[in-house]
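One structure below.
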Amino acid sequence: MHSVLKKLFAVTILVVSIFDVKATTIPESPVEIKTSSRVRPISTEEEIRTRETACFCIVRHGETTMNSARRIQGNSQEGCLILTQEFLEICRIYSQDRIFDAMYSGDNVRTNLTMRCLTGNLGDETCKKYPEFNEQGLGIFEGQAAESVLSDEEFKKMLENPDYKVPEDVEAKKSSETGSEVIERMLAGIYKIAHEHIGQKIAVCSSQCAINWFYRWASKNYDAVLRLDNLDAIVFKYHFSSDESDDTIELVTKENIPFLEAYELVKKMKLSSDND
């Protein structure tokens, strides 16, 4: 497998994060993000004790040429996936013990190819593409240098306000989304596939901003901004309600962790219909 992958991609040990900053300034009053989804963050452990569960691991895609050049990728298809030594090792380990019952990604190349590499077979089409897990559309910022974007007032407003949309690049046809819109579609995708995999373990490959917005919603901590390196992940349990209208999400990891740590965590996790 390694020889095939090495022929297709350049191998580098450089791992670069798009966000090389800590949490930005957030309004003093936490912003409540309202959605039309039938799923909500967990309130108490008591309410989920007798519910069926599924387990999700959401991982950020592998490093791309846009990441290594420290340019904002957004939801564009620009940039090729680079296989780092870390990625090759993850592929080797996971191909020996595949713990996930289902694997999903956005419909862009970098997230889908990351998941297909993990299966050990680039021709594997079992990883389903869901546009709900694509990166946030960042309009005029896509393709720009990360350093200048992160200090831009428009970009800061977007991070601070889930309903703020940065300007679109009409000429280049690069659309933008609010954080609330990203959360809405992420939850729609999670709800749909969760109900297809009750009692199972699911891996989803997404991107930096999209994972951050979901995390802020699930943790109910809207001033939290995760610094996700490539191949970092978060893990959560999905608890099903009897009428499918009040499902809940429980974060297992309180922060992002490397994929192999998430892999070991999910591997040991027990899921059953009575949650015992």
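For this structure, a couple of remarks:
- Unique residue being under 25 Å from C80 (Cβ atoms), assigned to a helix (DSSP H, G or I) and among the charged types (D, E, K, R) when the list is E132, E154, E171, E181: E132
- Restricting the stretch 135-151 to residues that are part of a helix (DSSP H, G or I) and of a type outside the set (A, V, I, L, M, F, W, C), the residue that is farthest from S207 (Cα to Cα): S148
- Residue check, I99 buried (at least 20 other Cβ atoms within 10 Å of the Cβ) and more than 17 Å from the chain's Cα centre (by Cα): no
- Residue tally, condition touching a Gly at 6+ places or on another chain (Cβ under 6 Å), polar (S, T, N, Q) and either within 14 Å of K174 (Cβ to Cβ) or surrounded by fewer than 18 Cβ atoms within 10 Å (Cβ to Cβ) (or both), over the stretch 64-79: 3
- When the test is whether a residue is at pLDDT 75 or above and either more than 18 Å from L228 (Cβ to Cβ) or surrounded by 15 or more Cβ atoms within 10 Å (Cβ to Cβ) (or both), I18 does not pass it.
- Residues located in the stretch 201-257, provided they are among the polar types (S, T, N, Q) and either more than 10 Å from the chain's Cα centre (by Cα) or over 27 Å from G79 (Cβ atoms) (or both): S219, N221, N230, S241, S242, S245, T248, T253, N256
- First in the stretch 235-246 and in contact (Cβ under 8 Å) with a residue 40 or more places away in the chain and within 26 Å of K268 (Cα to Cα), second anywhere and aromatic (F, W, Y) and surrounded by fewer than 20 Cβ atoms within 10 Å (Cβ to Cβ), Cβ under 9 Å, 6 or more apart: Y238/Y191
- Here the condition is being among the hydrophobic types (A, V, I, L, M, F, W, C), at pLDDT below 95, under 30 Å from F155 (Cβ atoms) and in a helix (DSSP H, G or I); of A262, A224, it holds for A262 alone.
- R92 falls short of the stated requirement of being in a helix (DSSP H, G or I), in contact with an Asp or Glu (Cβ under 6 Å, 6 or more places away or on another chain) and more than 19 Å from I211 (Cβ to Cβ).
The values are calculated or read from the model by the stated rules, or taken from the named source; none is laboratory data. Source: prediction; values computed, not measured. For neighbour counting, all protein chains shown are included, and Cβ atoms are generated from backbone atoms with ideal geometry for every residue, glycine included.
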